[in-house]
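> Input: one structure, supplied below.
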Amino acid sequence: MADRIVGALILMLAIGYAVVGSRMVGGFLSDPLGPRPFPYLIATLMGLSALWLLARPDPNPSWPKKEFWLSFGLVLVSLVAYAYLIVPLGFIITTTLEMTLLSVLFGARWWQGLGGGLAFTLSIYFLFTQGLGVTLPTGRIFG
Amino acid sequence: MDILQALLNGFGVAFQPLNLLLVALGCLVGTLIGVLPGIGPISGVALLVPLTFALKMPPESALILLAGIYYGAMYGGSTTSILLNIPGETSSVVTAIDGNKMAKSGRAGPALAIAAWGSFIAGTLSVVGLMTLGPLLAQWAIRFGPAEYFALMVFGFSTLSALAGRNMFKALIATAFGLMLATVGQDPQSGISRYTFGLLQLEDGMDFLIVAIGLFAVSEVLMILEDKAPGAIRAQVGRIYISFKDFTTSITTIIRSSVLGFLIGVLPGAGASIAAFVAYTTEKRILGAKGRFGEGDIRGVAAPESANNAAAGGALIPLLTLGLPGSGTTAIMLGALVSLGVTPGPQMFEQHPNVVWGLIASMYVGNLILLLLNLPLVGLFVRLLQVPSWFLIPAVLAISFIGVYAVNNNPFDLLLMAIFGMLGYLMRKFDFPLAPVLLGLVLGYLMEINLRRALTLSNGNPSGLFVNPISGEVSIIAVSLWVLAALSLFAPAILARFRKQGLGSGDEEM
């Protein structure tokens, strides 16, 4: 059953991809094939395979316990927040917080996570910025 | 060019201090990745690519490092399989069958030793194979035109889809998804923007590193979070030794499995995992009643461990001579090489002899380092498993952040990484193989451009895909590749017969 839902979603993706492709505008001095047929080919391959999935689905996957979805959601939200906060807050603060959160999710006490996270973040920050010349955001609140 | 002379020059490259350091570092990191369950070689290689960019390494040094991680992980994967019955990598799943039985009956030492020696012999044999077969294949492929290249890629994707994962149609969907990602950005010929949805950040296309780190590393973290693997593990190692008798009973198995593994490794899509389990079942069939397979036969460790190392060498052949990677790891190497200004292909042996022969020579050195590293230091690596996962896993993620951010210095990429991480987790749950996505992404551009060139040469006539534009004759190579591509779709049925013999899956990952 689960595979049927996935198959239907993939079929929609393939159709959507082809429709967006057909609406592309512009382009001149192109080759005989142009920019559209290759995407159509991909959409066909994906669409036909999705139809097969609808017809012959695999058995359902084993789903994790309910509590997992809470941590799953938490990790995703924190990753998105990380992307938005890394420039204003800087690499050190955001990465330490992210590592602390993950450590706690993996069963550490918060102070263990904070300690380990801070130590590791500081060491890779200096290793990469000073030693290897990688630029990492220092954070606007410090600059 | 004389092969020996070329190899000698290669050793000149490999023995430069920086490159010696890098091959040792690659082998060490690879072994660590191999030992740690959950962190696969694809993530490991992907995480170190930004480092090669940041240090502005010459392409040969970058490749030497990345390849070291790749075959180093094959060595390391066996350790936890044998000692703890926890395969560090999918390519060592079969090793656990006899290896762990041996460990339980107090023969962990010989099992680890034969794994290291088997890997060493296989690794060395596969380098010899790479050295002799590579230039031959390159000479043959140098005449390839766009039609042949397009057919070659169709062949590559069809074997990959047939062999990666359990359900061929899911692999085809994953391939198509990767190709879709490759069409994002500016169209190579007309210059119009495709599938960017007005986002400037997508104008240059999807970066393979961000997709790889999200799809593999981040989703691995989520998988481990679901499993909640136990924190610290203790294991008895004992003395790593091997008796002369054990060695002589295993040597034919090692050589046979090396050849088999190497040939399987050359095929796109059939990576080290498949090589390991085909070698195991083959040995079991050949030795039959004479062996005690499944109850702790030393040859049950020798076969898969030789085969997976040989396969890693074999997989470099299509990458270097055709520019066609057959696995997720080699796809990342291709992406890294292209970013460093080297496009692998038939001309590579002539245009960049330093890169090719430097790599080959470094692999001889690397195999020796791995043997020296593994025999005395196994105990040390196993102690690493006692680092609690609450520290280790977040640390891997923190390094992923640096890797992704360093690509463009743009936080938008971190957002993409998170999206691909979630997608990767869902794909794993629904049993979609991940490697085809990466291959589709890395090869999509070349596939499209060759298709369009072929059809431009024939003025839009579809016959251009099968006919040489200059001579007007039918291209035998292109036609046979199309036939092979069609035939390979029957491979799952053949593989299923192997699987029936009491073995689990030989999955993707590689």
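All of the numbers you see were taken from the coordinates with simple rules; none came from a lab. The structure displayed is predicted, hence computed values, not measured ones. For neighbour counting, all protein chains shown are included, and Cβ atoms are generated from backbone atoms with ideal geometry for every residue, glycine included.
> Can you count the Lys pairs in the protein assembly as shown with C-alpha separation below 19 Å, eight or more apart or on different chains?
Final tally of qualifying lysine pairs is 10.
> Ordered by residue, what ³J(HN,Hα) values in Hz, to whole numbers, does region B:170-183 give under the Karplus form 6.51 cos²θ - 1.76 cosθ + 1.60, where θ = phi - 60° and Gly and Pro are x?
5, 5, 5, 4, 4, 4, 4, 5, x, 5, 4, 4, 5, 7
> Taking the 0 to 90 degree range and rounding to the nearest ten, how far is the long axis of helix B:244-266 tilted relative to the main principal axis of chain B, both from C-alpha atoms?
On a 0 to 90 degree scale, this one is about 10.
> If you rank B:Tyr70, A:Tyr125 by fewest surrounding Cβ atoms within 10 Å, what's the result?
Working: B:Tyr70 29, A:Tyr125 20.
Neighbour counts put them in this order, fewest first: A:Tyr125, B:Tyr70.
> Using a/c under 1.5 as the rounded threshold, could you call the protein assembly as shown rounded, prolate or oblate? The axes a ≥ b ≥ c are square roots of the C-alpha gyration tensor eigenvalues, and prolate needs a/b larger than b/c, oblate otherwise. Don't jump to the answer; show the numbers that get you there.
Working: a/c = 1.40, a/b = 1.10, b/c = 1.27.
Rounded.
> Would you calculate, for chain B, the mean residue ellipticity at 222 nm contributed by helices, counting each DSSP H stretch of 4 or more residues as -39,500 (n - 2.57) and dividing by all residues, to the nearest 500? Please list the in-between numbers first.
On the way: 22 runs with 354 residues, N = 510.
Here the helix-only value at 222 nm equals -23000 deg cm²/dmol.
> With unit charges on the beta carbon (Lys/Arg positive, Asp/Glu negative), name the residue among A:Trp69, A:Ile42, A:Met24 whose Cα is farthest towards the positive pole of the charge dipole of region A:8-117.
A:Trp69
> Run the simple label-point estimate for B:Thr196 and B:Asn9 please: 7 Å along Cα→C-beta, distance reported in nm.
4.1 nm
> Where does the charge balance sit around B:Gly261 when Lys and Arg score +1, Asp and Glu -1, over other residues with C-beta under 14 Å from its C-beta?
Here the count lands on -1.
> Still on this structure: About the Cα centre, and with charges only on the beta carbon of Lys, Arg (+1) and Asp, Glu (-1), how big is the dipole of chain B? Nearest 20 debye, please.
Numbers: 26 positive and 25 negative charges, 303 e Å.
Approximately 1460 debye in magnitude.
> Quick one: Karplus J couplings for region B:409-423, per residue in order, coefficients 6.51, -1.76, 1.60, θ = phi - 60°, nearest Hz, x for Gly and Pro?
Once θ is set to phi - 60°, the couplings for region B:409-423 become 6, 10, x, 4, 5, 5, 5, 4, 4, 4, 4, 5, x, 5, 4 Hz.
> Using only alpha carbon pairs under 8 Å that are at least six residues apart, calculate the relative contact order of region B:53-100 and give it in whole percent. The partial results should precede the final answer.
Working: 43 pairs, mean separation 12.8, N = 48.
Reported relative contact order: 27 percent.
> Can I ask one more? Assuming a ≥ b ≥ c are the square roots of the Cα gyration tensor eigenvalues, decide whether chain A counts as rounded (a/c under 1.5), prolate (otherwise, with a/b larger than b/c) or oblate. Numbers along the way, then the final one.
Numbers: a/c = 3.61, a/b = 1.55, b/c = 2.32.
Taking the square roots of the gyration eigenvalues as a ≥ b ≥ c, chain A is oblate.
> How big is the dipole moment of the protein assembly as shown about its Cα centre under a simple scheme where the beta carbon of each Lys and Arg is +1, that of each Asp and Glu is -1, and everything else is neutral? Debye, nearest 20, please.
Details: 34 positive and 30 negative charges, 299 e Å.
Using only the charged Cβ atoms, the result is roughly 1440 debye.
> Could you tell me the calculated FRET efficiency between B:Arg383 and A:Leu132, based on Cβ-Cβ distance and R0 = 30 angstrom, to the nearest 0.05? List each step's numbers first, then the result.
Details: r = 28 Å, r/R0 = 0.92.
After rounding, the FRET efficiency stands at 0.60.
> Give the span of region B:297-432's Cα atoms along each principal axis, as three whole-Å numbers ordered largest to smallest.
44, 40, 29
> Would you be so kind as to identify which of B:Leu263, B:Met447, B:Leu359 lies farthest towards the positive end of the dipole of chain B, taking Lys and Arg as +1 and Asp and Glu as -1 on Cβ and the Cα centre as origin?
B:Leu263
> What translational diffusion coefficient, to the nearest whole µm²/s, does chain B have by Stokes-Einstein, given a Kirkwood radius computed over alpha-carbon pairs, a temperature of 20 °C and 1.002 mPa s viscosity?
94 µm²/s
> Under 1.5 on a/c is rounded, so check that first for region B:14-105, then, if it is not, pick prolate when a/b is larger than b/c and oblate when it is not; a ≥ b ≥ c are the square roots of the alpha carbon gyration tensor eigenvalues. Could you put the intermediate results ahead of the total?
Numbers: a/c = 3.79, a/b = 2.40, b/c = 1.58.
Because a/c hits 1.5 or more and a/b exceeds b/c, region B:14-105 counts as prolate.
> Follow-up. Kindly express, to the nearest 10 degrees and within the range 0 to 90, the angle between helix B:353-383's C-alpha long axis and the longest C-alpha principal axis of chain B.
Relative to chain B, helix B:353-383 is tipped by roughly 30 degrees.
> Also, quick follow-up: Can you give me the long-range amide H partners of B:Arg194? Hydrogens built in the peptide plane at 1.01 Å from N, cutoff under 5 Å, separation of 5 or more residues or another chain.
B:Gly185, B:Gln186, B:Asp187
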